[in-house]
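To start, the structure under review is shown below, and the notes come after it.
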Amino acid sequence: MIEPATIGEHYDKRSPIGDELRDGQLHMWYWYDREDDASLTEAVHRMTRKVTDTLGLRAGEHVLDAGCGPGETAIHLATRFGVRVTGITVSEFEIERARSRALAGGVGDAVAFEYGDFTALSYPDGVFDAVLALESLQNAPDLDAVLAELYRVLRPGGRISFSDFSLGAQGDPARLATFMETLKLPRLPTLPRWLEHARDAGFEIEEHTECGPRVFGMKGKYLEAALKVRDTVTAKFGAAAVDEFSRLHHGFFAPRKDQIGYVIVSARKPRR
């Protein structure tokens, strides 16, 4: 079992340069095709909007950003929808960076960032109107326990939207194993299995999609975008740090494009 502290260290090592490359959002990108000329930052923000729009947020609601990264997504939610956001992460770097970003953005009253293990949340039952989990459930040591906790802290009728990697085409198990070890993934469910986990926790599925070809399938575009700014990032962090960042991510690119899917799932806690 991968402990939360190990996941925190995993992100502490990767997040500083990742934050630089993706403008405060560490999750995946969304490109329509090879001819799509969106920048890396724009492609990542496109994924943010694609997932968060499914929550149907309303001004004044309280959102839990479970696995908040360096804070840009929470700030986006607060400024676009007029919601309050509590972001949790097990990465000390991410908490510090998120708080600094919120202060600079003038949204300190609307967002808060805390160290939080979502296998054992400190919040009362039913305190949140919505939960967002962008590529954070996949690292959960016990996925069913985490979903049960997120279900608990949602009010009746509250919504959850999450996005994560999924198992695509079969074959090349060694490549998949390398990918999972690199990202510290204890499992790689298919889309049907993701839905089953959510239903087992009590959620009612309302919308889901599989968009792997436009996400992991565009890994070549990410590499091109990263290479364009390599010199700038190296000037800020140093060659040794950039080389180590590249080494840590090497296994991410091991699978074939069709082996790694990407799911977006929206569900609701029953009103009863």
Q | Dimensionless Rg/Rh of the range 135-272 - Kirkwood Rh, Rg from C-alpha atoms | A | 1.05
Q. Restricting to lysine pairs 8 or more places apart or on different chains, what number in the chain have Cα atoms under 20 Å apart?
A. 10
Q) Does the range 157-198 come out rounded, prolate or oblate by the C-alpha gyration tensor, with a ≥ b ≥ c the root eigenvalues, rounded set by a/c under 1.5 and, if not, prolate when a/b is larger than b/c and oblate if not? A) prolate
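Assuming R0 = 22 Å, what is the FRET efficiency of residue 96 and residue 155, from their Cβ-Cβ distance, to the nearest 0.05? Kindly include the intermediate steps, with their values, before the conclusion.
Details: r = 30 Å, r/R0 = 1.39.
So, using R0 = 22 Å, E works out to roughly 0.10.
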(Q) Bins of 5 Å, beginning at zero and ending with the bin holding the largest distance: percent of Cα pairs per bin for the range 1-141, please. (A) 2, 10, 20, 23, 22, 14, 6, 2, 0, 0
(Q) Could you give the length gained by full extension between residue 190 and residue 247, i.e. 0.36 nm per residue of separation minus their alpha carbon distance, to one decimal place? (A) 17.8 nm
Q: Work out, in µm²/s and without decimals, the Stokes-Einstein translational diffusion coefficient of the chain at 20 °C, 1.002 mPa s, Rh from Kirkwood over C-alpha pairs.
A: 114
Q) Within the P(r) computed for the range 39-86, what percentage of the Cα pairs occupies the region above 12 Å? A) 62
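Only Cα pairs under 8 Å and at least 6 apart count here; give the relative contact order of the range 71-188 as a rounded whole percent.
Numbers: 147 pairs, mean separation 25.8, N = 118.
Reported relative contact order: 22 percent.
The range 204-272: Rg/Rh from Cα coordinates, Kirkwood Rh?
Numbers: Rg = 17.7 Å, Rh = 14.8 Å.
So for the range 204-272, dividing Rg by the Kirkwood Rh gives 1.20.
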Q. What is the extension gain from residue 125 to residue 39, computed as 0.36 nm multiplied by their sequence separation minus the C-alpha to C-alpha distance, in nm to one decimal?
A. 26.9 nm
Q: Return P(r) of the range 113-196 (all Cα-Cα pairs; 10 Å bins starting at 0; whole %; ordered from short to long distances).
A: 16, 45, 27, 10, 1
Q.
Helix-only estimate, please: 222 nm mean residue ellipticity of the chain, summing -39500 (n - 2.57) across DSSP H runs of length 4 or more and dividing by its residues, to the nearest 500.
A. -13000 deg cm²/dmol
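Just so you know, all these numbers are worked out from the coordinates, no wet-lab data involved. Please read these numbers as outputs of a predicted model, since none were measured by experiment. As a convention, Cβ positions derive from the backbone with ideal geometry for all residues, glycine included, and neighbour counts pool all protein chains shown.
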